[in-house]
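One structure coming up, written as structure tokens, with questions to follow.
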Amino acid sequence: MNSTTNISISDIQIGDRFRKDLGDIEGLAQSISDDGLLQAIGVTPDKRLVFGLRRLLACRDYLGWSEIPAVVIDIENLTHAEWIENTIRKDLTLSEMVAITDALRSFTRGGDRRSDQYRKNGSGVTKKDACEIAGWKMDRYDDAKKVVENAIDELVGAMDKGEVSPHAAAQLAAEPKDIQKEAVKLLKNATTAAEKRGVRAAVQRIENSKKLAERRQAQLNAPDTSESIRLFHCPFQELQKVADLKPESVKCVLTDIPYDGDFIGQIADLARLADELLVEGGVFICYVGQYKLNEKLRAFDQYLTYQWMGTSKWVGPGNVMHSLNVVSKSTSFVVYTKGDRKEWVKWLDTLDFAMKEKEYHPWQRPLAEIERLLLNFTKPGDLIVDPCGGGFTTAAACLKLGRECVSCDIEKAYVVTGQERMDDVRNELAGESTEQLDDGTAPIDADIELADVAA
């Protein structure tokens with residue numbers, strides 16, 4: 001039978017506690033001062049604290065009490081008692097839940113560990129049982145435990161505050177410490193749920209950039225062994241000057257722009273550049289995505305002539321637009337021209353390539369897809385411009401198909417990677433069989449390609 005009595009606070013043994021986040025003790029003290037202590041603390045007969053640490057500290061440290069009402073509880077497993085008390089009042093943080101779950105698993109007091117009696121009397125608990133007692137799923141516990149064991153303190157804190165899910169935090173915890181620090185900075189700067197969900201992808205881009213900078217030692221502006229492919233590190237607004245491109249010298253501008261809202265303000269500059277560089281009837285092909293597509297089209301319409309819209313599809317996971325609760329598994333691209341275009345070959349407006357390719361850039365397009373567009377709209381020897389190089393897939397496709405290409409990117413690491421990619425393509429071409437290959441003078445008939453897709 002439990003009993004309540006006033007005991008001396010100085011006699012109470014607090015011992016090790018799993019709760020680390022005690023919250024607003026001063027506010028609790030003010031509440032006790034105004035309304036009284038509504039619930040006694042709990043202690044064992046030998047005055048070991050079972051529950052009520054926050055109330056004890058408030059009364060001792062802020063109110064100056066020397067005695068406090070306490071329920072005397074005859075209980076042996078203090079870990080289990082602390083879990084019961086805290087989970088029905090102030091929620092434990094996830095890292096505290098990990099600690100208390102581990103303690104439940106390790107609690108022993110003899111007996112045969114293999115017997116049902118051992119499990120029932122509380123002297124030994126499996127991971128599954130401990131998680132059931134603590135009230136959470138094993139996979140959530142496993143994720144949180146990985147974070148506690150491997151993450152930097154700042155990332156553990158972000159998980160405990162609910163700024164990042166245990167699963168996402170567990171993934172980040174596998175990264176080097178410097179990458180984890182970058183993730184925490186991004187989390188602190190994120191103001192919306194969508195931005196927080198995008199932290200993992202942003203960190204992946206940071207990691208890729210750092211790996212690229214470490215791996216790529218080639219000179220940024222080293223002479224290209226083929227003057228037909230020229231890559232530059234600059235904003236696309238400066239490309240014409242930097243590359244010494246003549247007005248009306250380009251047959252096709254083929255590029256993949258960033259889809260977010262930040263780039264929309266630069267689309268008019270991109271359209272103006274295309275209008276300046278393209279020959280009369282030259283074609284402008286641009287991947288645009290779906291986000292604020294109407295605004296993008298209005299910017300293009302200022303300088304170019306709209307012709308058509310195509311779609312690129314893929315298999316596998318889609319991209320989620322949370323504000324609309326839509327999962328997208330396709331990307332739109334637009335086809336514009338400078339003035340009228342007289343010659344159109346038959347082409348398919350739906351591109352369906354099975355696999356994503358992300359070896360050189362997070363937004364990389366499939367090489368075969370870009371080759372198909374070049375075959376549809378250009379001829380060998382044509383000059384192609386890609387103002388947003390990224391993974392420089394357009395340049396690689398031009399090299400393979402005998403087109404000239406000028407491309408740029410604002411990120412130095414990707415330009416260096418692009419130069420190495422061109423070397424890889426040259427080595428691949430040099431090692432190919434001497435058998436007669438398609439010279440790229442004509443695209444595959446659209447009807448045949450439709451049959452291939454259906455098959």
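Bear in mind that the values in this text are calculations on the coordinates, not laboratory data. Treat the numbers as computed from the prediction; the structure is a model and nothing was measured. Positions of Cβ are backbone-derived with ideal geometry, glycine not excepted, and every protein chain shown enters the neighbour counts.
Using mean Cβ contacts within 10 Å as the protection proxy, how do 276-287, 136-147 order, highest first?
So the order, starting with the most tightly packed, is 276-287, 136-147.
Further question: Take the residue pairs K47/K137; K296/K338; K313/K342; K137/K185; K127/K181 and return only those whose Cα atoms are more than 25 Å apart.
With Cα atoms farther than 25 Å apart: K47/K137; K313/K342; K137/K185; K127/K181.
Could you state the number of Å between the C-alpha centres of the stretch 400-422 and the stretch 301-339?
Cα centroid to Cα centroid, the span is 24 Å.
Subtracting the Cα-Cα distance from 0.36 nm times the residue separation, let me have the gained length for A368 to N294 in nm, one decimal.
That works out to 23.8 nm of additional length.
For the stretch 229-454, rounded, prolate or oblate, judged on the Cα gyration tensor with a ≥ b ≥ c (square roots of eigenvalues), a/c < 1.5 rounded, else prolate if a/b > b/c?
Rounded is the answer for the stretch 229-454, as its axis ratio a/c remains below 1.5.
Now for a separate question. Starting with the highest mean, order 395-404, 232-241, 306-315 by the number of other Cβ atoms within 10 Å, averaged over the residues of each peptide.
Taking the mean over residues of other Cβ atoms within 10 Å, the ranking is 395-404, 232-241, 306-315.
So, R0 is 35 Å and r is the distance between the beta-carbons of S228 and V326; what FRET efficiency does that work out to, to 0.05?
Step by step, r from the Cβ atoms, then E = 0.25.
To continue, here is another question. Using 7 Å Cα-to-Cβ label points, what is the K188/D153 separation (nm, one decimal)?
My value for the distance between the label points is 1.4 nm.
Here's a follow-up. Using 0.36 nm per residue of separation minus the Cα-Cα distance, give me the extension gain between V71 and E132 in nm, one decimal.
19.3 nm
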